[in-house]
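*Asks:* One structure, pasted below without further comment.
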Ligand SMILES: [Zn+2]
C-alpha cells in the first residue's frame, strides 16, 4: 500500500514530468513545486500549471526572481544566446548554485506541507557541468536539510543514472509516454512537445526519443 507524502520539484519539462508520474505511482499524496525566476518563456510556468491540473496535483509556484538579479544569463535574459559549453566550459545557461537554492526552498516547503519525500529530476548521466546536480551533492544536501530542520527527509532522484533514452523508457514503463511526449516543454524557445528542433534542449530530447523508439522497434 502507498503511504507518505511527497513533493516533486517540477518545471513542466520531460524529466520532472516523468518524476511526477514516478511519485504518483509510489506515494499516497503528491504535490508539486515550480520555481518562477522570470524564465525566458512564461510558457514554462503555464505548461507546468496545465500538467499539474490535468494530473490533479496540488501545485505551488514560488517566486525566485531574485535569481535573475544574482546571475543574469541566457535563460533569463533575452540578449544572451543559449550555447552549449565548449572545451569543458559551463554552458551559458549556468546559474551557480541554482539547484542548491531550489532544493533548499523545496525542503522548507516540504516541511510546511508535511511531505517527507522530495523528488528531483536531476541527472548525472548527461552532466553538463552543474556541480549541484551530482549525486554526491544531493546526498550531502539531504543530510544538511535534515540537520537544518531536524527532519527525516528523503531526497529521491529517479533519473540520476539514466540517459535520455532510458528516461523515455521510464515514462513508458509508467504508462506516461504519450503524455510526456505531447504535453511537456523542454525547448528553450518555449514550444511544447517536439519543440523547435534547433536548440540544445530539443536536440538532446529528440536524440533520446529516436534512440528509444529504435530500441522499442527492435524488441
Ligand atoms: Zn527548442
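Rule-based calculations on the coordinates, nothing more; no lab input. Owing to the predicted nature of the structure, the values given are computational and were not obtained by experimental measurement. Note that we place each Cβ from the backbone using ideal geometry, even for glycine, and neighbour counts take in every protein chain shown.
*Asks:* How many nm is it between the label spots at residue 148 and residue 42, if each spot is 7 Å from the Cα in line with the beta carbon?
*Replies:* 3.1 nm
*Asks:* If each of residue 26 and residue 182 carries a label point 7 Å out from its Cα toward its Cβ, how far apart are those two points in nm?
*Replies:* If labels sit at residue 26 and residue 182, their model points lie 2.7 nm apart.
*Asks:* What are the semi-axes of the equivalent ellipsoid for the range 1-53, taken as the square roots of 5 times the Cα gyration tensor eigenvalues, largest first, in whole Å?
*Replies:* 23, 10, 8
*Asks:* Still on this structure, please answer the following. On full extension of the chain, what length is gained from residue 62 through residue 105, given 0.36 nm per residue of separation minus the C-alpha to C-alpha distance?
*Replies:* Gain in length upon complete extension: 14.6 nm.
*Asks:* Please list the radius of gyration and Dmax for the chain, considering alpha-carbon atoms only, with Å as the unit.
*Replies:* Reported Rg and Dmax, both Å: 16.7, 51.
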